[in-house]
Amino acid sequence: MTQAVCFKCGDMKHGAFTDCPHCGGRPVTDDELVLSLAMTDHYFDLTTMKQMGAAVAEGKPPNLDEKSRQDLLKQLENARKTPVGRLLGDGILAPKKKKADGGPFKKG
Ligand SMILES: [Zn+2]
């Protein structure tokens with residue numbers, strides 16, 4: 001399961017886009033979704049996530065730099081295009097393995 005920080009209260013929860021069991025908050029806007037996506041164990045270790053959560057709880061959510069924001073927005077768009085992405089469940093944002101064309105492990 002993906003460990004994530006609630007964008008609203010800073011509590012830890014499972015899955016970036018799930019309802020927070022603590023405050024019931026769920027990301028809806030792009031900004032909220034991007035922030036929720038950023039604050040997962042896909043990108044940060046648990047220690048950093050807890051620091052982010054503490055900052056969120058203080059009403060000071062971390063600011064994403066513009067490049068990270070754009071990257072995450074793209075991932076969101078891609079996720080939304082898939083039927084599974086509509087459910088915004090867990091695991092859809094795992095790093096993609098790129099097919100190597102003519103790589104060292106080519107068959108034949
Ligand atoms: Zn919450």
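Lys13 fulfils the conditions (1) at pLDDT 95 or above; (2) surrounded by fewer than 15 Cβ atoms within 10 Å (Cβ to Cβ) except for a single criterion, (2). Do we have Ala4 as surrounded by 13 or more Cβ atoms within 10 Å (Cβ to Cβ) and in a helix (DSSP H, G or I) here? So Ala4 does not fit the description; no. Among residues of the stretch 1-26 that are closer than 16 Å to Leu76 by Cα and within 6 Å of the ligand (Cβ to nearest atom), none has a Cβ under 9 angstrom from a residue that is basic (Lys, Arg) and not in a loop (DSSP other than H, G, I, E, B) at a sequence gap of 6+ or on a separate chain. Give me a count of the residues in the stretch 25-69 that are assigned to a loop (DSSP other than H, G, I, E, B) and out of contact with any Phe, Trp or Tyr (no Cβ under 8 Å at 6 or more places or on another chain). Adding up the residues that qualify gives 14.
Among the residues in the stretch 35-51, are any on the phi > 0 side of the Ramachandran plot and at pLDDT 95 or above? No, the conditions are met nowhere in the stretch 35-51.
Beta carbons closer than 7 Å, at least 6 apart along the sequence or on distinct chains, pair a first residue in the stretch 29-43 that is in contact (Cβ under 8 Å) with a residue 12 or more places away in the chain with a second that is among the small types (Gly, Ala, Ser) for Ser36/Ala4; Ser36/Ala16; Leu37/Ala16; Ala38/Ser68; Met39/Ala4; Thr40/Ala4; Thr40/Ala16.
The values are calculated or read from the model by the stated rules, or taken from the named source; none is laboratory data. Owing to the predicted nature of the structure, the values given are computational and were not obtained by experimental measurement. Ideal geometry is used to build each Cβ from the backbone, glycine not excepted, and the neighbour counts take in all protein chains shown.
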